[in-house]
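One structure is given below, encoded as structure tokens.
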Amino acid sequence: MTIKKADIVLSSDAIFTGLTHEPTPGAIAILGDKILSVGSKAEIEPFIGSGTKVFNYGNQLIMPGFHDFHLHIMFSALSLTSINLFEARSAQEVAAKVLEFSKECPGEEWIIGMQWDAGYWHDKQEPHYKILDAVIPDRPVVLFHAEGHYTWVNSKAMELAGVTEEISDPDFGRYERDKNGLLTGILYEEAQQIVLKEALRLTQNKKETILKEFLRLLSQYGITSVNDLFAPIDDFLQDYDLFEKLDKQGELSTRFHITPELDGNLDKAQILRNKYESKKLQFSGLKQFVDGTVTGHTAYFLKPYSDQLDICGHPALDPEVLIDRVVKADELGFRIRFHAIGDAAIRLALDAFEEAVRKNGKRDSRHTIEHIEVIDSDDIERFSKLGVIASMQPDHMAASSREVYSSIIGPEREKNVFLTKSLLNTGASLALGTDFPVSISLNPMRQIYTAITRVDSSGDSQNTWHPEQKLTLGEALQAYTYGSAYGCFREHELGTIEEGKLADLVVLDRNLFDIPECEVLKTKVELTINDGKVVYKSEETSLSSIF
Ligand SMILES: [Zn+2]
């Protein structure tokens with residue numbers, strides 16, 4: 001019998017297959033889009049033929065490709081051509097940066113910025129449209145807050161969108177007003193939509209250009225699969241036809257899993273489910289918001305906010321409507337993913353999933369809750385009992401100023417913040433991701449670093465937030481690979497390095513298991529293989545000339 005010869009053989013003293021929590025020495029043979037065999041270097045030797053490319057990576061870590069379980073594809077693509085305002089330390093500094101950026105893009109009508117966060121500002125000046133008007137009165141400006149749930153606009157933007165003092169608030173969200181009842185230019189939740197509709201009229205050409213740019217960035221970070229979660233901005237930016245076009249042209253160098261809105265229209269959902277089922281572009285469930293965010297005071301809590309004793313927040317949808325939508329979608333075999341941040345929102349999402357089991361019977365539904373920022377201790381064990389996946393983004397914990405965050409929820413609830421390890425210990429499935437661009441970086445290393453260190457927003461390695469909630473490195477890597485593959489019902493073909501699985505692999509420039517924690521952030525990807533093809537190689541790699 002002749003043995004099939006591999007296209008590529010990679011070997012290293014440190015291969016993290018994902019089947020255990022530790023790396024082992026060995027080699028991997030790849031043929032076509034699949035892993036032909038995994039074993040010791042001697043066991044893989046027979047697969048090497050005259051046409052096989054063979055590379056030994058010493059002690060550099062080889063692992064399954066990262067699978068970002070929660071991000072926003074077109075919003076991310078847009079962020080690459082907008083200004084990042086995270087480093088600004090006052091409203092005035094934001095305005096100055098926006099002015100500078102506006103000069104760099106004179107051809108664009110709208111000026112788009114992201115990631116401003118007043119929780120880090122040195123002075124107490126609140127954001128206001130007048131501060132932007134003072135520098136840019138004649139071009140519309142829209143600036144997304146770091147948490148992505150509210151925006152700061154100038155008066156030109158409000159004028160073009162038709163936002164006037166007479167406007168009334170939507171069901172979920174509000175046009176912020178000062179103590180005299182006048183607009184401030186801060187638009188919460190659904191109140192953003194009227195402005196975004198105008199700001200996000202992108203040409204098809206621009207959409208394609210920014211999406212391709214984003215695909216390049218994904219491969220550079222070793223991300224071989226992503227899940228695209230519905231966000232309200234999708235009403236203006238989403239373009240599944242464009243994804244399909246790139247898929248057919250063989251240009252999807254990362255696997256896309258799409259999760260459109262759970263909006264009660266299940267006929268539309270059925271069509272999308274049947275339409276997108278290729279190995280690179282797959283429908284992967286329906287998403288909805290149960291609440292908003294902590295700093296926006298739109299997260300839904302069981303007890304009032306500690307700094308605003310008259311409000312608890314409220315659900316984005318009437319609970320009865322929400323539960324009814326879940327039960328009906330579940331009956332047709334759809335998987336639901338719920339954004340839930342406050343303890344009441346998390347409980348409501350779990351109640352809805354429980355009701356689906358009661359009405360439709362138990363099935364392998366893999367319903368999922370996103371973020372899980374402040375959970376009541378009574379609800380932790382319900383995840384594993386109901387088979388609900390915990391989808392978390394560790395770096396969200398280090399994103400908002402911890403001081404501001406803690407003062408909003410108070411000391412009692414502060415104990416219940418981002419309980420990653422508790423969820424894992426009770427047997428819940430965990431899947432990690434970034435929520436990019438509603439996070440500072442797309443780089444998985446930031447998430448891994450925060451997951452294993454619990455370093456808070458100060459960035460000081462001495463300041464850890466609930467250190468007992470640290471994950472081990474092996475647990476974090478597994479949740480970022482196998483955990484997400486399981487979350488897509490694809491653990492039979494993705495998520496670990498095993499014979500017969502699709503060849504999605506990365507080689508890092510060092511061995512994460514052999515370095516101090518602070519070096520995790522410096523770790524870079526040297527090689528990314530998606531579907532058996534090299535989609536990224538770093539310029540530093542000594543092996544670059546061979547490919
Ligand atoms: Zn998100």
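Laboratory data are not the source of any read-out in this text; all were calculated from the coordinates shown. Just so we're clear, the structure is a prediction, and the values are computed from it rather than from any experiment. Here the Cβ is made from the backbone with ideal geometry for all residues, glycine too, and neighbour counts use every protein chain on show.
Miscellaneous remarks
- Given Lys275/Lys385; Lys280/Lys537; Lys156/Lys197, the pairs whose alpha carbons are separated by over 24 Å: Lys275/Lys385
- Cα gyration tensor shape for the range 363-496, rounded if a/c is under 1.5, else prolate or oblate: oblate
- Couplings 3J(HN,Hα) for the range 386-398, derived from phi with the Karplus relation 6.51 cos²θ - 1.76 cosθ + 1.60 (θ = phi - 60°), are 8, x, 8, 7, 8, 9, 10, 10, x, 6, 4, 5, 9 Hz, where x marks Gly and Pro.
- Phe230 long-range amide H proximity, modeled H, under 5 Å: Thr259, Lys287
- Under a 5 Å amide H cut-off, with hydrogens placed 1.01 Å from N, Asn59 pairs with Asp13 among residues at least 5 apart or on other chains.
- Each Lys or Arg adds one and each Asp or Glu subtracts one; over the other residues with Cβ under 15 Å from the Cβ of Gly51, this totals +2.
- Net charge contributed by nearby residues that have their C-beta within less than 13 Å of Pro106 (K/R +1, D/E -1): -3
- The chain: angle of helix 402-414 to the longest principal axis, Cα-based, in degrees nearest 10: 90
- Compared with the dominant principal axis of the Cα atoms in the chain, helix 444-453 is inclined by about 80°.
- Cut-off under 5 Å, modelled amide H: who pairs with Gln282 long-range: Phe256, His257, Ile258
- As a length-normalised measure over Cα pairs under 8 Å and 6 or more apart, the relative contact order of the chain settles at 18 percent.
- Karplus-based coupling profile of the range 254-269, in residue order and whole Hz: 10, 6, 9, 10, 9, 9, x, 6, 7, 10, x, 8, 7, 5, 4, 4, with θ = phi - 60° in 6.51 cos²θ - 1.76 cosθ + 1.60 and x standing for Gly or Pro.
- Mean residue ellipticity at 222 nm, helices only, the chain: -8500 deg cm²/dmol; runs of at least 4 DSSP H residues each add -39,500 (n - 2.57), and the sum is divided by the number of residues.
- Prolate/oblate/rounded call for the range 217-259, Cα gyration tensor, a/c under 1.5 rounded: oblate
- Phi angles of the range 122-139 translate, via the Karplus equation with coefficients 6.51, -1.76, 1.60 and θ = phi - 60°, into HN-Hα couplings of 6, 9, 9, 5, 6, x, 7, 4, 5, 5, 6, 4, 4, 9, 10, x, 10, 10 Hz per residue; Gly and Pro are given as x.
- Distance between the C-alpha centres of the range 125-147 and the range 344-398: 37 Å, rounded to the whole angstrom.
- Computed from the C-beta positions of Glu100 and Asp169 and an R0 of 35 Å, the FRET efficiency is 0.55 to the nearest 0.05.
- Each part gets one Cα centre, and for the range 158-229 versus the range 53-70 those centres are 36 Å apart.
- Rounded to 5, the percent of DSSP beta bridges in the chain classed as antiparallel: 45
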